Amino acid sequence: MPYPEPLVAPMRAELTSFGVKELKSSIEVDEYFAECDGKTTLLIVNSVCGCAAANARPAVRMALQSQAQPDDMVTVFAGQDLEATARVRQYLAGIPPSSPFIALLSDGDPVFVLERRHIEGRSASAIATDLVGAYANFCGGTAGSEGDSSEESAPTFRSIL
């Protein structure tokens, strides 16, 4: 049974207020993944968890200060958008379900992942620093690639399964 909408509305708004797009159904998830070729995407599995999500959401906002940015930012809400969350997890085969969860995708493939265990107990600024580092490596194609091709320096998680 999903969490009541009045409970999660402020947590949704914490991300959508600065442009993160919600995917609320499996159809919306499928449509997004069908058109994400050539894009970098920050994917957030939002959660009511106060001990981890309470720092994950502000970290995403703080990372907006970075010069490099993903092309898109999308979210599903675990415990609320059950169908959408299950579908996202199908696209992340080989990565254990976790919430909250943040992944940077390139062409729909995860290239950087922060699971709950990487979020819980850490400050929003520490999590934001991780995101900014991932953006520098995978968004824009110039940072951190002195002469190396991005294909050699940016394997996806699927390529190592």
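Every number in this text was worked out from the coordinates using simple rules, so none of it is lab data. Note that the structure is a prediction, hence the values are computed from the model and not measured. Glycine gets a Cβ as well: all are built from the backbone with ideal geometry, and neighbour counts include every protein chain shown.
As a summary of the residue check, Arg61 satisfies the conditions (1) in a helix (DSSP H, G or I); (2) under 19 Å from Leu92 (Cβ atoms) except for the one numbered (2). Consider the range 23-39 and keep the residues that are touching a helix residue (DSSP H, G or I) at 6+ places or on another chain (Cβ under 6 Å) and either crowded, with 16+ Cβ neighbours inside 10 Å or of a type in the set (D, E, K, R) (or both). The one that is farthest from Met11 (Cα to Cα) is Phe33. Cβ separations smaller than 7 Å between residues 6+ apart or across chains give the following pairs from the range 119-130 residues that are more than 12 Å from Arg57 (Cα to Cα) to residues that are in a helix (DSSP H, G or I): Arg122/Asn55.
Scanning the range 40-60 for residues that are within 13 Å of the chain's Cα centre (by Cα) and either under 19 Å from Gly140 (Cβ atoms) or surrounded by fewer than 16 Cβ atoms within 10 Å (Cβ to Cβ) (or both) gives Thr40, Thr41, Leu42, Leu43, Val60. Filtering the range 32-59 down to residues that are among the hydroxyl-bearing types (Ser, Thr, Tyr) and in contact with a Gly (Cβ under 8 Å, 6 or more places away or on another chain), which residue is farthest from Ser98 (Cα to Cα)? Out of the qualifying residues, it is Thr41. Among the residues making up the range 27-55, those that are closer than 20 Å to Ala93 by Cβ, among the aliphatic types (A, V, I, L, M) and without any contact (Cβ under 8 Å) to a residue 12 or more places away in the chain are Ile27, Ala34.
Give the residue, chosen from Ile102, Ile95, that is touching a Phe, Trp or Tyr at 6+ places or on another chain (Cβ under 9 Å), within 18 Å of Leu23 (Cα to Cα) and touching a residue at least 40 places away in the same chain (Cβ under 8 Å).
Criteria check complete, one pass: Ile102.
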